[in-house]
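Working notes for the structure below.
The values are calculated or read from the model by the stated rules, or taken from the named source; none is laboratory data. Note that the structure is predicted; figures quoted are calculated from it, not measured. All Cβ positions, glycine included, derive from the backbone under ideal geometry; neighbour counts span all protein chains shown. Keep in mind that these areas ignore ligands, DNA and RNA; they rest on the heavy atoms of the full protein, side chains included. Shrake-Rupley method; radii C 1.70, N 1.55, O 1.52, S 1.80 Å.
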Amino acid sequence: MRLSLLRHGQTPSNVAGLLDTLAPGPGLTPLGHRQAAAVPNALQEREIDALVVSPLLRTHLTAAPLVDTFGKEAVIMEGVREVEAGSLEMGADPAAHRTYVDTVFAWARGDVDLRMPGGSDGRAFFERYDEAVRRIAEQGWEDVVVVSHGAAIRSWACARVAGIDLTSVARTPLANTGLVEIEGDPDSGWRLLGWSSGPIGGAHLLNQDGSDPTGEAVSA
């Protein structure tokens, strides 16, 4: 199957540089809505079987234009939600950002016993994301778009997808409506088809403001 992991559109918390990971979470900015509106055109050649979103509001709003275009109701799956920030929640300072992103990339490198300060460890993250991906695969769909979150997508893909260089991914931001496309299944494994770090609707939709902590680049 083909699995497209789409980061949600820009939120006010992205612009403000806040680690805002709890439900229901913020909506989208005007730019975020424009980013979401551009996604269907970027995927117009695809025969999408299903749309999956996390429980957080920003993924539902990002998926709405896809729902309208492809006529598929979005399926909510808890497992594809963002990595919760624990005691770093709503942190806006660079030290909090660095701790958060360093932690999720440490998980991707295999240090799954490391805990997010005040939160869960990497084992819990991979268990729930893996379970969601397995549930998707069990449906028999061939082409699925999953609207998920920056840190979750980057950490899970680095750990589970062949052909991804973790150091390169860590040093490259994943912009709002950036897209990671993979192919395979949970049993035989996943291989990388493409990694669009910028908005798939075009560079004119790139956020020029704010530190965007869950999608920012770090030194791995």
*If we keep just the residues of segment 148-200 that are out of contact with any His (no Cβ under 9 Å at 6 or more places or on another chain) and polar (S, T, N, Q), which is nearest to residue 216 (Cα to Cα)?*
172
*Quick check: anything in segment 117-138 under 27 Å from residue 67 (Cβ atoms), open to solvent by less than 50 Å² (accessible area, probe 1.4 Å) and among the small types (Gly, Ala, Ser)?*
yes
*Can you name every residue in segment 68-93 that is open to solvent by 20 Å² or more (accessible area, probe 1.4 Å), part of a helix (DSSP H, G or I) and on the phi < 0 side of the Ramachandran plot?*
68, 69, 70, 78, 87, 88
*Please give the number of the condition residue 151 fails out of (1) within 16 Å of residue 108 (Cα to Cα); (2) modelled with pLDDT under 95.*
(2)
*Can you run down the residue pairs with Cβ atoms below 8 Å, 6 or more apart or on separate chains, where the first is in segment 194-207 and under 7 Å from residue 175 (Cβ atoms) and the partner is open to solvent by 40 Å² or more (accessible area, probe 1.4 Å) and in a helix (DSSP H, G or I)?*
207/15
*Would you check if residue 184 is assigned to a loop (DSSP other than H, G, I, E, B), modelled with pLDDT of 95 or more and of a type outside the set (S, T, N, Q)?*
no
*Of the conditions (1) acidic (Asp, Glu); (2) closer than 26 Å to residue 49 by Cβ; (3) open to solvent by 30 Å² or more (accessible area, probe 1.4 Å), residue 143 fails just one. Which one is it?*
(3)
_Single residue of 65, 55 found to be in a loop (DSSP other than H, G, I, E, B) and surrounded by 15 or more Cβ atoms within 10 Å (Cβ to Cβ)_ = 55
*When you look at residue 167, is it among the β-branched types (Val, Ile, Thr) and surrounded by fewer than 18 Cβ atoms within 10 Å (Cβ to Cβ), yes or no?*
yes
*Please tell me if residue 2 is open to solvent by 20 Å² or more (accessible area, probe 1.4 Å) and more than 17 Å from the chain's Cα centre (by Cα).*
no
_Looking at segment 16-32, can you tell me whether even one residue there is touching a residue at least 60 places away in the same chain (Cβ under 8 Å) and farther than 15 Å from residue 214 by Cβ?_
yes
*Determine whether residue 150 is surrounded by fewer than 20 Cβ atoms within 10 Å (Cβ to Cβ) and either on the phi > 0 side of the Ramachandran plot or within 12 Å of the chain's Cα centre (by Cα) (or both).*
no
